[in-house]
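Comments concern the structure below.
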């Protein structure tokens, strides 16, 4: 197969509890219209990373499209970090936090058009305890919610909603965090510490309005309390949140510790409880196809 004209579609068949057959068919048709070769890989949960890396090494695809949730996107991203292979996203998970941050449209045809477009950008990637983070990781109450959601078996945003109240009632928060950066050491008590390269959670809540995914920095946000007035502000694109509600630290690397072990997640995947984390950002590690509006916004921000 001619690698220069080869598109690989990676599909997670169980993500988001939805049928992926229409996605596969639509992508295959669009790829054929562009005279590209097409190959399908469906994840199974067994040696997926090794198998994808083997496909990349043997056939060197021009581009890889991913139909799945944040975990599947992260999996494929690990396989192409630092390369010139472009990643295209077709959101097909439960919360789709990464797609929310890229402002991807709801229409499948538009998603495929963007995923195959020439509108691409190299984005920064955070490494947290040597695991990659593409948009947001956190320690605290949101990670607890993700854990409870995964254990409930009820998918979609309704599943998150059902778990929100039990999580709030049973949480062991607040937690005491210590953050060390080049700017010094900060100690703060809060319900949630987020490590953010992007702006939003998958729910659409804007927790890091001034974050840019290509500026060589990430933000640590310590949310001090459960202030519903301040939380309500996050429905806006550019919320002005009180410093009494959230403390923001912008940095390139950090060491984070907690007095006790705290629930921890990266990009919507619960990873257990930790009391220490090391985070560092690497600039322009992932080439990705994005909507023109996102591209223009971040290019303008970077130049300003």
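Worth pointing out:
- Listed peptides 66-78, 211-223 by packing density, highest first (mean Cβ within 10 Å): 66-78, 211-223
- Neighbour counts of C-beta atoms inside 10 Å place 44, 35, 257 in the sequence 35, 44, 257, starting with the fewest.
- Burial ordering of 89, 141, 191, fewest other beta-carbon atoms within 10 Å first: 191, 141, 89
- In percent, rounded to a whole number, the relative contact order of region 41-114 is 29, using alpha-carbon pairs under 8 Å and six or more apart.
- In plain terms, the C-alpha convex hull of region 3-117 casts an average shadow of 6.5 nm² when viewed from every direction.
- Global dimensions of region 187-269 from alpha-carbon coordinates: Rg and Dmax equal 12.6, 34 Å.
Read-outs: derived from the displayed coordinates by stated rules, not from any lab. Source: prediction; values computed, not measured. Because the Cβ atoms are built from the backbone with ideal geometry, glycine has one as well, and the counts that use them run over all protein chains shown.
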